[in-house]
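Accompanying notes for the structure given below.
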Amino acid sequence: MFDKEFIEKQKNKLEKQKEELERLLSDFASKDADSKHNWRTNYPDIAPDERDPEDSVDEVEEYVDLLPQEYTLEVKLKNVNEALDKIKKSTYGFCENCERPISKERLEVNPSAKKCKECMGL
């Protein structure tokens with residue numbers, strides 16, 4: 001379906017996205033040793049006798065604010081990893097819904113796309 005040059009270009013894009021997503025996650029989270037796809041937002045180390053209570057509250061609020069960011073980045077990373085796996089298995093670029101090819105244009109915009117435009121309702 002797709003030529004080797006296009007697949008290699010997409011693979012490079014996906015690998016760069018993977019590196020960037022892992023870098024962003026590592027700024028505030030740690031990889032979960034028990035799960036291949038899961039990260040854990042670092043909870044603040046709060047020693048009650050050493051800190052101002054307001055500082056502790058601020059750190060907990062920051063932790064709570066980071067949780068949805070962790071989830072969003074994890075989902076993106078999971079999609080990128082799945083696309084890289086599809087490249088290895090030579091199944092990259094096919095819609096998970098109807099199994100028709102996804103357009104090159106769509107894959108160039110979103111290399112980890114799982115569905116074609118028709119199945120996405122676009």
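The values are calculated or read from the model by the stated rules, or taken from the named source; none is laboratory data. A quick note: this is a predicted structure, and the numbers were derived from the prediction, not measured. Cβ sites come from the backbone with ideal geometry, for glycine too, and all protein chains shown count toward neighbours.
Scanning the stretch 74-113 for residues that are in contact with an Asp or Glu (Cβ under 9 Å, 6 or more places away or on another chain) and under 27 Å from ASP27 (Cβ atoms) returns LEU77, VAL80, LEU84, SER112.
Being at pLDDT 85 or above and of a type in the set (Phe, Trp, Tyr) is true for just one of TYR43, TYR92, TYR63. Which residue is that?
Values: TYR43 fails: at pLDDT 85 or above; TYR63 fails: at pLDDT 85 or above.
Step by step, each of TYR43, TYR92, TYR63 is checked, and only TYR92 is at pLDDT 85 or above and of a type in the set (Phe, Trp, Tyr).
Scanning the stretch 1-19 for residues that are closer than 17 Å to ARG106 by Cβ, assigned to a helix (DSSP H, G or I) and without any contact (Cβ under 8 Å) to a residue 40 or more places away in the chain yields a single hit, LYS9.
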